[in-house]
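**Q** To start, I am sharing the structure in question, which I have written as structure tokens.
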Amino acid sequence: MKRSDRITAVVILIAAVLVMVSWIVIHRTPGVRAVIRVDGKVVATVDLRLLEPQTLHVQGMLGPMVILADGKGSIRVEESTCPDQVCVHTVAAHSPGDQIICVPNHMVILVEGRGAGIDALTH
Ligand SMILES: [Zn+2]
């Protein structure tokens, strides 16, 4: 391999990385809805496009949980009965594919988008 070929390869690699990064940025669009599951069953679906804050009371395996959609497209766990409180401290979910998981409560919040790709993944 000539030196110029190596430079070309590096340039192509950098270009590929840039394309990937911009693809990720473009696709980090707001989610359409959040699906809340407890023990694998869907217990609530929240429309994240609504501009009004919504508070949901979900019964986890250990006890009640309070889940808050802030009316700006994000959803997070406000209160939970779990001992570790990991879910409460998890950053708000916003983009398709974002998840908040509470292991002790067997609870998963998954943000879904418009695209069929993510729907296909979850089904
Ligand atoms: Zn938790």
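**Q** Name the residue that is surrounded by the fewest Cβ atoms within 10 Å (Cβ to Cβ), counting only residues in the range 73-96 that are in contact with a His (Cβ under 9 Å, 6 or more places away or on another chain) and of a type outside the set (Ser, Thr, Tyr). Show your work before the answer.
**A** Within the range 73-96, the first condition is being in contact with a His (Cβ under 9 Å, 6 or more places away or on another chain), and the residues that meet it are 73-75, 77, 95-96.
Add one more test, that the residue is of a type outside the set (Ser, Thr, Tyr), and what stays is 73, 75, 77, 96.
Values: 73: 20, 75: 25, 77: 28, 96: 23.
Per the criteria, the residue is 73.
**Q** Return the residues of the range 64-100 that are within 13 Å of the ligand (Cβ to nearest atom) and assigned to a loop (DSSP other than H, G, I, E, B); say none if nothing qualifies.
**A** Hits for the range 64-100 are 80, 81, 82, 83, 84, 85, 90.
**Q** Something else: Which of (1) surrounded by 11 or more Cβ atoms within 10 Å (Cβ to Cβ); (2) within 16 Å of residue 109 (Cα to Cα) is the odd one out, the single condition residue 50 does not satisfy?
**A** (2)
**Q** Right, here's the next one. Any idea how many residues of the range 101-114 are over 13 Å from residue 34 (Cβ atoms), in contact with an Asp or Glu (Cβ under 8 Å, 6 or more places away or on another chain) and more than 15 Å from the ligand (Cβ to nearest atom)?
**A** 0
**Q** Looking at the structure I just gave you, is residue 10 surrounded by 13 or more Cβ atoms within 10 Å (Cβ to Cβ) and either of a type in the set (Val, Ile, Thr) or in the same structural domain as residue 102 (by TED's automatic domain parsing) (or both)?
**A** no
**Q** In the range 51-70, which residues are out of contact with any strand residue (DSSP E or B) (no Cβ under 7 Å at 6 or more places or on another chain) and small (Gly, Ala, Ser)?
**A** Hit for the range 51-70 is 63, nothing else.
The values are calculated or read from the model by the stated rules, or taken from the named source; none is laboratory data. All of these numbers come straight from a predicted model, not from anything done at the bench. FYI the Cβ positions are ideal-geometry reconstructions off the backbone, even for glycines, and counts take in every protein chain you see.
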